[in-house]
Amino acid sequence: MMRSILIVAILLSIAAAYYIYLPLPSTISEPWKLMFMDSILRGVMHLSFLAHDLGLSRPFDIAKYAASWDEIKGPQSSPAIRVTETSFGGVQAQVFESTAADQEPHLKRGVVYFHGGGWTLGSGKMQTYYLQCWSMAEELDAVVISIEYRLAPEARFPDQYNEAVQASKHILTAEVLSQYSIDPKRVAVSGDSAGANLAAAVAQQMALDNSAPIKFKVQALLYPALQALDFNTPSYQQNSHIPILHRPLMARFWLEYLSGDPRLVMSLLANNHSTPTPSQEIAAAKAKTDWTKLLPVAFQKSYKPVFPLHGDPKLLEKLPGLLDVRAAPLLAETKVLKAVPPAYIMTCEHDVLRDDGLMYATRLEEAGVDVTVDHFEDGFHGCLSFAFGPFRFSVGFRSFRSYTRWLKENL
């Protein structure tokens, strides 16, 4: 009996080690901790997709349920920070207010924040985002408004974008800013990952909206997802299997957002939405994602562009959002970029989305916009969120400090 138990224990240990171990670059922050955390996340995602394949649930249902365990139940205030739940233009939000002005009345900074999660997962109520926004309000003596836009599959593009714009327009009014003692000349729009996608798109739209007299002063984008025309940029090739955002998962998120068939993942990863003889519209869009011209040489390394032999012209007909600037802010015209506010863009070396941010920085600079690129050599996707919660990383703390320092100096 004991022999059988020992054999089973050894086999389970080997299986667990095989699942947890993932070869990682030595330059990545705290690799063993990251491996363990990623094994939990991958396990949840695999279980979620398996349940879907068996017809038991929708693709991300179990992942959403697991994420809900981490949510803060109800607003929790303190003497320094007042937290309330409300809505702006019909869009739900949490408001984190520094109470410093209660003792000495003064106008405060304002930050409109969009959480990440592939337009499908996440919530501003999750512990990591809750603590992040709380800390931002305290560090910056600010009012941080965390927007609860609806998620796929209940909402699909352009719903999330429309809600982000709708909430922002409602917030950027004299009435709302006065209600929260926010200085109308010191309001930022920010977000991470898919939330940074929404923040960049909102910054573009609000800059062009002549009906909105109050504008965002700055935009702060944390490892943004900005295009889905090329899943073979150097960072996608280099970091294909690096936690916590694996290349196939990012393609899956885009398909979920754009109402695409999940079976198209392999087509996207092969860049089959490109063709050897593209139309004028597609060629113009591809020029705005041409990393051979937009990426600094140091980041191109020895990688080569990936072109399909034949491609699938019908793929873009099935996924028109791939060419829609509201979904892919990197595709904006230069005249639009000229109008947007100064930008802070955080990128991480070990992140598939690194080059989205770097290419956007180049395009903004070429349009004459002031840009600060904050690159973390030991960073991975989502690292700033790990300044908080049970899985704290040193790069998470450093990146959060750098981000808030920039906001403090520029907002």
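Some observations on this one:
- Residue count for the stretch 394-411 satisfying the condition of being within 14 Å of GLN132 (Cα to Cα) and part of a loop (DSSP other than H, G, I, E, B): 0.
- The residues of the stretch 141-193 that are assigned to a loop (DSSP other than H, G, I, E, B), of a type in the set (S, T, N, Q) and on the phi < 0 side of the Ramachandran plot amount to a single one, THR173.
- In the stretch 35-75, residue least open to solvent (accessible area, probe 1.4 Å) [restricted to those that are among the acidic types (Asp, Glu) and closer than 24 Å to PHE380 by Cβ]: ASP38
- Cross-chain or 6+ apart pairs with Cβ under 7 Å, the stretch 148-174 first and under 16 Å from LEU208 (Cα atoms), then charged (D, E, K, R) and surrounded by 18 or more Cβ atoms within 10 Å (Cβ to Cβ): TYR161/ARG326
- Any hit, the stretch 161-169, residues being under 19 Å from CYS348 (Cβ atoms) and β-branched (Val, Ile, Thr): no
- Test: residue in the stretch 357-364 that is in contact with a strand residue (DSSP E or B) (Cβ under 8 Å, 6 or more places away or on another chain) and assigned to a loop (DSSP other than H, G, I, E, B): no
- Selected residue [more than 26 Å from PRO153 (Cβ to Cβ) and in contact with a strand residue (DSSP E or B) (Cβ under 7 Å, 6 or more places away or on another chain)] from ALA203, ALA199, ALA207: ALA203
- Unmet criterion (only one of (1) in a loop (DSSP other than H, G, I, E, B); (2) of a type in the set (S, T, N, Q); (3) open to solvent by 50 Å² or more (accessible area, probe 1.4 Å)) for THR120: (3)
- Cβ pairs under 9 Å, 6+ apart, first in the stretch 260-272 and in contact (Cβ under 8 Å) with a residue 60 or more places away in the chain and over 18 Å from ILE282 (Cβ atoms), second assigned to a helix (DSSP H, G or I) and charged (D, E, K, R): PRO262/ARG252; PRO262/GLU256
- Out of GLU154, GLU138, one residue alone is in contact with a Phe, Trp or Tyr (Cβ under 9 Å, 6 or more places away or on another chain), of a type in the set (D, E, K, R) and open to solvent by 10 Å² or more (accessible area, probe 1.4 Å). It is GLU138.
- Residue check, VAL306 part of a loop (DSSP other than H, G, I, E, B) and over 25 Å from VAL265 (Cβ atoms): no
- Some residue of the stretch 342-352 being open to solvent by less than 20 Å² (accessible area, probe 1.4 Å), in a helix (DSSP H, G or I) and out of contact with any strand residue (DSSP E or B) (no Cβ under 7 Å at 6 or more places or on another chain): no
- Scanning the stretch 222-245 for any residue that is of a type in the set (Ser, Thr, Tyr), more than 20 Å from MET346 (Cα to Cα), open to solvent by less than 30 Å² (accessible area, probe 1.4 Å) and part of a helix (DSSP H, G or I) turns up nothing.
- In the stretch 29-49, the count of residues that are free of Cβ contacts under 8 Å to residues at least 12 places away in the same chain, in a helix (DSSP H, G or I) and more than 23 Å from PRO390 (Cα to Cα) is one or more.
- Restricting attention to the stretch 329-339, the residues that are of a type outside the set (D, E, K, R) and open to solvent by 10 Å² or more (accessible area, probe 1.4 Å) total 4.
- Some residue of the stretch 97-109 being open to solvent by 10 Å² or more (accessible area, probe 1.4 Å), among the basic types (Lys, Arg) and not in a loop (DSSP other than H, G, I, E, B): yes
The values are calculated or read from the model by the stated rules, or taken from the named source; none is laboratory data. Predicted model, so just to flag it, every value in this text is computed and none were measured. In this analysis, Cβ positions are derived from the backbone assuming ideal geometry, glycine residues included, and neighbour counts consider all displayed protein chains. Side chains included, ligands, DNA and RNA excluded: accessible areas come from the protein's heavy atoms. Shrake-Rupley method; radii C 1.70, N 1.55, O 1.52, S 1.80 Å.
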